[in-house]
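To start, the structure itself, in structure tokens.
The values are calculated or read from the model by the stated rules, or taken from the named source; none is laboratory data. A quick note: this is a predicted structure, and the numbers were derived from the prediction, not measured. Note that each Cβ is placed from the backbone with ideal geometry, even for glycine, and that neighbours are counted across all protein chains shown.
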Amino acid sequence: MDHRAHCDVLILGSGMGGLAAAALLARDGFRVIVAEKMPRLGGRCSTMDYNGFKCITGVVGVETRGVVQGLFDRVGAGFDVKEAGPPHYLINGQICQVPSRGGMKHLMMAAGAGAMEVETVMNAITGALQWRAPSSDVPLGDWLRQYTSNPRIMEIFQALVSAVLFVNVNELSVHTYFEFLKKLKGIQRFGYAPGGSISLARSLAKVVVDHGGEIWTRCRVNAIKSRNNIVRGATVSRRGKNLSIKAPVVISNAGPKETARLAETGIRDQYYLRELEQRMTPARITALQFSMDEPLFESNHLLVTGTQSLNSVYQPTMVCPEWAPDGAHLLVAGSAPRNSLEPFDGKREIEQCLADLRAVFPGFESRARLLLAGTFQGAWPGMHSLPGRDMDRKTPVINLYNVGDGVKPFGYTGLPGVVATGIDVAEEVMGRNRILTGAP
Amino acid sequence: MMVVVNPLKCTGCAFCVPVCPNRAISSLGLAEIDKDRCVACLECLDFCPVTALGRGKNRKEPHGS
């Protein structure tokens, strides 16, 4: 081993879960090192400059006035996000605005549902939200079909859960869906960061550095080290050298399976490894980014119903023109397969998403030029686990934690879920340290 | 020498596409290297989240993997 380093908490990966934990711990006086394998920060909440566009690496819109902004306020990080109006829905070829109150009712009416039918569904939803949560093992689709047989109503729910929870109505448990509505209120407010999503990662990284922490990019982790089932640090490669970093606490943002692989020799619990294989199901999504001369429609975010795989279209440049060169617009189309478990064929998914775009927007092909086509699956998925199938944030190795979208709290999704894992683990580490040191 | 893609590891995220100074990479579900354009500067290797890019002579498999 060429070199040695040490710190109080070693964080593997500069995704938003890792950076959230790093910012909180650095501010609390812990000496933190964040090891990021890529040259840029943020992981799937980052920005790629391409042909003058701020292309996304995953996150497009950011929830505002919620968990994410709360964390930024708490650590004193700048939260530069420009709020956007509510999403619109594309139903039967018509763009429908969603009123701030009674949105679901309005959408069902737009889908052509009768007043009685809407009333029946709304009563069931009210009961599930305010009285008794429905059984956990029933898919949302089956639960809804008790109250409506209208396929267009089903398509509204499908578009929402596919775009936001990365799962289909026939796969998501009704319990998880209502927990999501309660916890995140369906993500009511969101916006875009004018500097690109990477500016959020940089803002948290600045807090880390300002409080004495270090962020090492182009630093690949080779192995997580432990002895007697207690974590001891990690070995990494940086600037062509191998380095041993000693740390009494290691927080991994690499995804639970990769964490287990890196800590392989330390994890003796075969049942944990089996649970990783059986429980965790990665969310597979496709994101196509296009250059446009003018917007395709008059909204920054459209949830699309009735398509094969396309579920949402973003036009962030309607809110943040900074994301494109002067006079141009960026369009991001998101899709997910209708079956989350069958084999994923990236090329086919891209073709399906393109076919949906052409079917939904007449003249799409002549107006949009493809910049980037990304598929997120396998070891680099949309989320490491579908909602409701997350792993525990603690691993079998003492003081080795996971953060990120494979260990989200129940009912959480996307960026708020990821940030919540960072907060949870940082608070656990701070709390345990106070017990050990006797600090108040 | 050129950069090669390990198709068993590549997830199709296309992170490598914008970072290539010679526009040698395209991706539609799987990264592909244009061997006439790749000058093996290896910049893309650091941007691959799943270590699917490597240096090699063979178009199919990275050297030594």
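Structural remarks
- Among the residues making up segment B:7-33, those that are closer than 25 Å to A:Gly378 by Cα and more than 12 Å from chain A (Cβ to nearest Cβ) are B:Ala24, B:Ile33.
- The C-beta contact set for segment A:332-359 (first residue within 13 Å of chain B (Cβ to nearest Cβ), second residue in a helix (DSSP H, G or I) and of a type in the set (S, T, N, Q), distance under 9 angstrom, 6+ apart or interchain) comprises A:Ser335/A:Ser162; A:Ser335/A:Gln352; A:Pro337/A:Gln352.
- Those residues of segment A:375-396 which are in contact with a Ser or Thr (Cβ under 7 Å, 6 or more places away or on another chain) and among the small types (Gly, Ala, Ser), in sequence order: A:Gly378, A:Ala379, A:Ser385, A:Gly388
- So A:Thr375, is it surrounded by 24 or more Cβ atoms within 10 Å (Cβ to Cβ), within 14 Å of chain B (Cβ to nearest Cβ) and not aromatic (Phe, Trp, Tyr): yes
- Where A:Arg65 falls short, out of the listed (1) surrounded by fewer than 24 Cβ atoms within 10 Å (Cβ to Cβ); (2) modelled with pLDDT of 95 or more; (3) more than 30 Å from A:Thr235 (Cα to Cα); (4) under 18 Å from the mean Cα position of the chain (by Cα): (2)
- Any chance A:Phe410 is in contact (Cβ under 8 Å) with a residue 24 or more places away in the chain, more than 30 Å from B:Val17 (Cα to Cα) and surrounded by fewer than 24 Cβ atoms within 10 Å (Cβ to Cβ): yes
- Restricting segment A:76-107 to residues that are surrounded by 22 or more Cβ atoms within 10 Å (Cβ to Cβ) and closer than 20 Å to A:Ser203 by Cβ, the residue that is modelled with the lowest pLDDT: A:Ala84
- Segment A:385-421 - residue that is of a type in the set (A, V, I, L, M, F, W, C) and under 22 Å from A:Ala201 (Cβ atoms) and, of those, nearest to the chain's Cα centre (by Cα): A:Leu415
- Scanning segment A:292-305 for residues that are crowded, with 20+ Cβ neighbours inside 10 Å and assigned to a loop (DSSP other than H, G, I, E, B) yields A:Leu296, A:Ser299, A:Asn300, A:Thr305.
- Residue satisfying all of: in segment A:48-83; facing chain B (nearest Cβ under 10 Å) and of a type in the set (Ser, Thr, Tyr); farthest from A:Ser199 (Cα to Cα) among these: A:Tyr50
- Test: A:Gly66 is of a type outside the set (Val, Ile, Thr), touching a helix residue (DSSP H, G or I) at 6+ places or on another chain (Cβ under 9 Å) and free of Cβ contacts under 8 Å to residues at least 12 places away in the same chain: no
- Against the criterion of being of a type in the set (Asp, Glu) and within 14 Å of chain B (Cβ to nearest Cβ), A:Glu428 does not qualify.
- Among the residues making up segment A:137-167, a single one is surrounded by fewer than 17 Cβ atoms within 10 Å (Cβ to Cβ) and either under 18 Å from A:Tyr89 (Cα atoms) or touching a residue at least 60 places away in the same chain (Cβ under 8 Å) (or both): A:Pro151.
- Any hit, segment A:387-402, residues being of a type in the set (Gly, Ala, Ser) and within 14 Å of chain B (Cβ to nearest Cβ): no
- Residues being of a type in the set (Lys, Arg) and under 20 Å from the mean Cα position of the chain (by Cα) - total across segment A:329-361: 1
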